[in-house]
Amino acid sequence: MDTTSNLFGQLLKKYRYKMGLPQSALGEFVSYGGSSISSWETGRIKPPDKIIIEKMGEALGLSIDELSQLKVAAGYPPEKLSPELPISTLNINAAPAIERSQNDVVREFQVQIQDLRGLVGTLGDRLNNINSKNVNIDSLHNELLDIRETVSEIQSTGQELTAPISMPSRRQLEVKLIPITTFNSLEEHRSDESKWYSCTSVFAGAILGIIVNLATGAKPSLATWVILGTFLIMSLFSLWQARTFTKRANSLKRELLGQTRNK
């Protein structure tokens, strides 16, 4: 499906602001996350199928013509546009500028604030549950780009406000940009942690096997005691190494979550 200059995303965002519906609320209505709505609006992923678009139209209270324009912008054939508009003419930026009321500006500003809170919350949850098996650097990078774009939109909309408005606290809007190497280090620590715990399990199993044999009447030799002692030492060493990497990973995780403070 081919779209032109991400018209679908621009129209979707325009209708969503008009309705005063944040990304999380629209996503919940169509059984998707707010991050999916953000990806559609930025054009990072292709528009959804017609059934999802129709559900969006219902949530946004779109007219037949508006819904048809949204479908055309997504690359579907025109249905009931009046008059019919080819996709090449659907350029929302070409429309003459209309001075908006302060109520419209405030509503858009409040929706953007809710979008930002949702994006920051989603990113925080992902960082909180991050581990070496499910980390996706590209996905985290895209979420940071979404946050940066939303902040830019908030700044732009804020310039249109002529009256004071309740702003979120600095902490609520705080976004920390984290180097990719930090995520790589966390993944390496988690990987080493897993390897050493596996070694600990192997040596502990071998020790248990020897103990079971001795308990069932096997006669120990000098070699048996040497092997048992060696396995015990290696087991303790592996456990110590595993705990070391666990501490390093947890420390780095707290740093990612902003829980550490420079003294």
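Please treat every number below as a calculation from the coordinates, not as lab data. In this text, all values refer to a predicted model and were calculated from it rather than measured experimentally. Ideal geometry is used to build each Cβ from the backbone, glycine not excepted, and the neighbour counts take in all protein chains shown.
The lone criterion from (1) of a type in the set (A, V, I, L, M, F, W, C); (2) within 29 Å of ASN250 (Cβ to Cβ); (3) exposed (fewer than 14 other Cβ atoms within 10 Å of the Cβ) left unmet by PHE203 is number (3).
Report the residue count in the stretch 225-240 for those that are without any contact (Cβ under 8 Å) to a residue 24 or more places away in the chain and closer than 13 Å to CYS199 by Cβ. Adding up the residues that qualify gives 4.
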